[in-house]
1. Can you tell me how much longer the chain between Val86 and Ala191 gets when fully stretched, taken as 0.36 nm per residue apart minus their C-alpha distance, in nm with one decimal?
2. Which distance in nm do the two modelled labels at Arg103 and Phe151 give, with both placed 7 Å along the Cα-to-Cβ direction?
3. May I ask you to order 88-94, 175-181 by the average number of other C-beta atoms within 10 Å around their residues, highest value first?
4. For Asn75 and Asn93, compute 0.36 nm times the residue count separating them, minus their Cα-Cα distance, and round to one decimal in nm.
Amino acid sequence: MTQPPMQPGPYPPGQPQHYPAPPTYPASSGHPQWQGYPRPGSVEPDGNAYTMPAAPPMAVPGAPAPQALGTLVLNVQGSVLTQSFVPPTLTINGNPVRIGYGRNVIPCPSGRHHLQVHMQWMRQYGQAAMDVNIAPGQTVEVFYAGPYNQFSTGAIGFQQQRHGGAGLLVGILVGSLALVMLIVLFGLVAASF
């Protein structure tokens, strides 16, 4: 199938098309001129790109005054290899906050805060809670250690914490190893008869 031949248009084929330049308006014509303000994207005399200055924060009538901030530093002890693939969950005054293993820096308004931390796998475990007072500009450091198993609670405090559930974990491992050794022993005894 062939294409039909092209019909001649207002411009000859292969020739560039010239468009008229945009009109310029005199300053007295009422059209916007960028007088006194740099054009967006232009460069200031010091070489920096022009950016709009930030607007001052607006106060909402009847709204409470903004509080001064403090900082909560939550150190989650352990790692993905020693705890769980799912990082712990933190709630501050009932509001969830995303955290990970290691040092987590969280800006908070000053005042008293209720912290709750737990781990999650098939169910919630490793629950621990405490209250902290944060003054304006103060940094409060808190440590959380999740348990080694899903049947123990976690630990939270102002110093490094011990991981709970180590005894149960060792018991499960020793029991499993003993069961494997019994099966091998019974296999060897049965093979000798």
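1. Numbers: separation 105, 0.36 × 105 = 37.80 nm, distance 4.52 nm.
Extra length from Val86 to Ala191 when fully extended: 33.3 nm.
2. For the pair Arg103/Phe151, the computed spacing is 3.7 nm.
3. Values: 88-94: 15.9, 175-181: 10.0.
Ranking, from highest mean packing down: 88-94, 175-181.
4. Working: separation 18, 0.36 × 18 = 6.48 nm, distance 1.83 nm.
Taking Asn75 through Asn93 to full extension adds about 4.6 nm, to one decimal.
Taken together, the values in this text are just the output of simple stated rules run on the coordinates, not laboratory data. Small disclaimer: the values here were computed from a predicted structure and weren't measured. Quick reminder, even Gly has a Cβ in these numbers, built from the backbone with ideal geometry, and neighbours come from all protein chains shown.
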